[in-house]
Amino acid sequence: MLRFISGDHCTEKEYKLDMDTPLGILEIIGTNEAVSSILFVEREEGVYMRGDDTPDVLIDCHDQLVEYFNGSRRTFSFPVRVKGTDFQKRVWKGLLDLAYGETGSYKELALSIGNEKAIRAVGSANGKNKLSIVIPCHRIIGSNGTMTGYAGGVWRKEWLLRHEGKHENS
């Protein structure tokens, strides 16, 4: 299970590590203590390569994501630091209740965090998630089953859902 590190304001040095995936480059950002961002970037090749000073937590994140893309990992266990409002953090933690291969709607997520009328706010918080794949905002679809927006692009969202569906029972 993800370990949440408290403190929105971190003064530690940040490091970056690029990861080549079937969907393009994922840029991992974090400190010696925790990962704070995993986002797709529109670059043809990685810029930030593993070095002697790359923190173990970023290497662990990278290795767990490799396992995810290989179909052998469903949950993540490295420490993360999320920056956001209390409401956004509740939404992001609520996303962790969506099991691998499952989908849910904004309305269901709003209900799960105890705020049925906050559907639009839940959608907004979902869009501000900086920990792609790990906090699985890609598992949220429209109430009618349609693909809704995804910061990395709807085509990536569709790929991730197909990938999880393919490996769900393996």
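The values are calculated or read from the model by the stated rules, or taken from the named source; none is laboratory data. Remember, predicted model here, so these are calculated numbers, not experimental data. Because the Cβ atoms are built from the backbone with ideal geometry, glycine has one as well, and the counts that use them run over all protein chains shown.
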> Any idea which of 100, 106 is hydroxyl-bearing (Ser, Thr, Tyr) and more than 24 Å from residue 72 (Cβ to Cβ)?
Replying inline: 106
>> Cβ-Cβ under 6 Å, sequence separation 6+ or interchain: first residue in segment 68-85 and assigned to a loop (DSSP other than H, G, I, E, B), partner of a type in the set (S, T, N, Q) and surrounded by 13 or more Cβ atoms within 10 Å (Cβ to Cβ). Which pairs?
In response: 73/64; 76/64; 81/36
> How many residues, within segment 144-170, are at pLDDT below 90 and more than 20 Å from residue 106 (Cα to Cα)?
Replying inline: 4
>> Being free of Cβ contacts under 8 Å to residues at least 24 places away in the same chain and surrounded by 13 or more Cβ atoms within 10 Å (Cβ to Cβ) is the filter here; which residues of segment 42-62 pass it?
In response: 60
> What are the residues in segment 6-31 that are modelled with pLDDT of 85 or more and of a type in the set (A, V, I, L, M, F, W, C), if any?
Replying inline: 17, 19, 23, 25, 26, 28, 29
> So which of 41, 66, 35, 57 is within 25 Å of residue 95 (Cα to Cα), in contact with a Cys (Cβ under 7 Å, 6 or more places away or on another chain) and β-branched (Val, Ile, Thr)?
Replying inline: 35
> Which of the residues spanning segment 128-170 are hydroxyl-bearing (Ser, Thr, Tyr) and under 16 Å from residue 91 (Cα atoms)?
Replying inline: 132, 150
